[in-house]
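Colleague: Once you've had a glance at the structure underneath, I'll fire off some questions.
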């Protein structure tokens, strides 16, 4: 027999009546569980209505500084916790959660711009963000220009007295050029223009969004938590992080007025995945750069785009920002973080049918948008439909790969067999 003492039986709670509970008795049941419960995961607190003990408490409670709870849209313990952890991940001081990465990108101009203002965006920005500028923002009287992210002088020449916001993105969407972020941030800071960075690729891991070096950094970091923080390909969520209290207040009030909220079960899933984000990011990064190096040896790929590859556009900028000097000394020039994406230019002599045949022949790389999950993905693109300014990229058929968590050797074999199938 065990020497362990038997656990004490719970104290019975006297029923309101000696009969089965009525609807009222069920709703107002007096039992409250103990408040202390230590476990690796945090509890899920869901609410639209939040209850108060008195009128005075209702009137005195505020949600703006996270000192209390007033309504579900303004946060629960669960969402407050994820906000603080994302804030820590990115090195910020305040974070807001929104329903998707695109909602994070949309909140920024909606909170900060008005009719007559101008927005500048890199020509290789995330496509839906460009569409927002060309659609709703233009309809509201907010103008925009696209600048060459690889040429800081082009950005400087386009800033006018109407410019109120400049988007930064590193690496660029799909084509993965890595800009000189310190130079771009310095130009904007000297002109008094707010900068917002789409930090989904960096994820708070590759570099500090608020400190690019030499005292320059972004004012706002927008992040699609759908990608690496979630990690499962099954949650849509975004975040907006700042270090500036006045900017945060503008964003938070717009967030309130727009009624932006997130589901606490989704928050729970991101909280559960977040402790492994560095491990998953690193594993996918190592696999992606190994595959990119292999792809650079294949004659059918006339250009391979990956910031950690020497010769890829902006490699030196990536190296300075994402691979600190000591890390380079310890591990070589390709040390540092570089996410899970790489793109190729398939030989322009291939037909569109061969491009499709190559993508269709892949078995482990599945056809699908997004990235950051366990399954590797592939998407073919038409570069001429994505850019309004000239590029220096090698002509060819653009294909982007998002590397998941499969064995690198298996992914390489999949690429090889698809090339053989499509080009035979």
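Colleague: Going by the conditions given, is residue 114 in a loop (DSSP other than H, G, I, E, B), over 25 Å from residue 171 (Cα atoms) and in contact with a helix residue (DSSP H, G or I) (Cβ under 6 Å, 6 or more places away or on another chain)?
Modeller: no
Colleague: Run residue 263 past the list (1) surrounded by fewer than 21 Cβ atoms within 10 Å (Cβ to Cβ); (2) touching a helix residue (DSSP H, G or I) at 6+ places or on another chain (Cβ under 8 Å) and report the number of the one that doesn't hold.
Modeller: Unmet for residue 263, out of (1) surrounded by fewer than 21 Cβ atoms within 10 Å (Cβ to Cβ); (2) touching a helix residue (DSSP H, G or I) at 6+ places or on another chain (Cβ under 8 Å): (2).
Colleague: Output the number of the condition that residue 82 fails; it satisfies all remaining conditions of (1) within 30 Å of residue 154 (Cβ to Cβ); (2) assigned to a helix (DSSP H, G or I).
Modeller: (1)
Colleague: Let me ask another. Under 7 Å between Cβ atoms, which residue pairs at least 6 apart in sequence (or on different chains) link something in the stretch 87-102 that is modelled with pLDDT of 95 or more with a partner that is in a strand (DSSP E or B) and surrounded by fewer than 19 Cβ atoms within 10 Å (Cβ to Cβ)?
Modeller: Filtered contacts from the stretch 87-102: no entries.
Colleague: When you check residue 362 against the structure, is it touching a residue at least 24 places away in the same chain (Cβ under 8 Å) and in contact with a helix residue (DSSP H, G or I) (Cβ under 9 Å, 6 or more places away or on another chain), yes or no?
Modeller: yes
Colleague: For the stretch 117-152, how many residues meet the condition of being within 19 Å of residue 385 (Cα to Cα) and assigned to a helix (DSSP H, G or I)?
Modeller: Counting residues in the stretch 117-152 that are within 19 Å of residue 385 (Cα to Cα) and assigned to a helix (DSSP H, G or I) gives 9.
Colleague: Okay, moving on. Which number in (1) surrounded by 15 or more Cβ atoms within 10 Å (Cβ to Cβ); (2) in a loop (DSSP other than H, G, I, E, B) marks the one condition that residue 389 misses?
Modeller: (1)
Colleague: Something else now. Out of the residues in the stretch 275-299 that are surrounded by fewer than 19 Cβ atoms within 10 Å (Cβ to Cβ) and in contact with a helix residue (DSSP H, G or I) (Cβ under 6 Å, 6 or more places away or on another chain), which is farthest from residue 396 (Cα to Cα)?
Modeller: Looking at the filtered set, the residue picked out is 290.
Colleague: Another question, if that's okay. Just wondering, is there one or more residues in the stretch 45-56 that are closer than 30 Å to residue 371 by Cα and either in contact (Cβ under 8 Å) with a residue 12 or more places away in the chain or not assigned by TED's automatic domain parsing to the domain that holds residue 145 (or both)?
Modeller: Checked the stretch 45-56: at least one residue is closer than 30 Å to residue 371 by Cα and either in contact (Cβ under 8 Å) with a residue 12 or more places away in the chain or not assigned by TED's automatic domain parsing to the domain that holds residue 145 (or both).
Colleague: Since residue 288 meets every condition but one in (1) over 19 Å from residue 89 (Cβ atoms); (2) in contact with a strand residue (DSSP E or B) (Cβ under 6 Å, 6 or more places away or on another chain); (3) not in a helix (DSSP H, G or I), which condition does it not meet?
Modeller: (3)
Colleague: So, residue 84, is that one under 26 Å from residue 148 (Cα atoms) and under 26 Å from the mean Cα position of the chain (by Cα) or not?
Modeller: No: the conditions fail for residue 84.
Colleague: Just checking, which of 422, 327, 331, 337 is farther than 23 Å from residue 126 by Cα, under 26 Å from the mean Cα position of the chain (by Cα) and at pLDDT below 95?
Modeller: 327
Colleague: Take the residues in the stretch 392-409 that are outside any loop (DSSP other than H, G, I, E, B) and surrounded by 13 or more Cβ atoms within 10 Å (Cβ to Cβ), then tell me which one is farthest from the chain's Cα centre (by Cα).
Modeller: Among those that are outside any loop (DSSP other than H, G, I, E, B) and surrounded by 13 or more Cβ atoms within 10 Å (Cβ to Cβ), it is 397.
Colleague: Please work out if residue 148 is out of contact with any helix residue (DSSP H, G or I) (no Cβ under 6 Å at 6 or more places or on another chain), at pLDDT 95 or above and either surrounded by fewer than 24 Cβ atoms within 10 Å (Cβ to Cβ) or assigned by TED's automatic domain parsing to the domain that holds residue 220 (or both).
Modeller: no
Colleague: Now for a different question. Filter the stretch 127-141 down to residues that are in contact with a helix residue (DSSP H, G or I) (Cβ under 7 Å, 6 or more places away or on another chain) and surrounded by 18 or more Cβ atoms within 10 Å (Cβ to Cβ) and give me whichever is nearest to residue 162 (Cα to Cα).
Modeller: 137
Colleague: Hey, another quick one. Looking at 191, 186, which one is farther than 20 Å from residue 250 by Cα and touching a strand residue (DSSP E or B) at 6+ places or on another chain (Cβ under 6 Å)?
Modeller: 186
Colleague: Being touching a residue at least 60 places away in the same chain (Cβ under 8 Å), farther than 16 Å from residue 248 by Cα and touching a strand residue (DSSP E or B) at 6+ places or on another chain (Cβ under 8 Å) is the filter here; which residues of the stretch 57-86 pass it?
Modeller: Once the filter is applied, which keeps residues that are touching a residue at least 60 places away in the same chain (Cβ under 8 Å), farther than 16 Å from residue 248 by Cα and touching a strand residue (DSSP E or B) at 6+ places or on another chain (Cβ under 8 Å), the stretch 57-86 yields 72, 79, 82.
The values are calculated or read from the model by the stated rules, or taken from the named source; none is laboratory data. In this text the structure is predicted, and so the values were computed from the model without any measurement. When we count neighbours, we look across all protein chains shown, and the Cβ atoms used for this are built from the backbone with ideal geometry, even at glycine.
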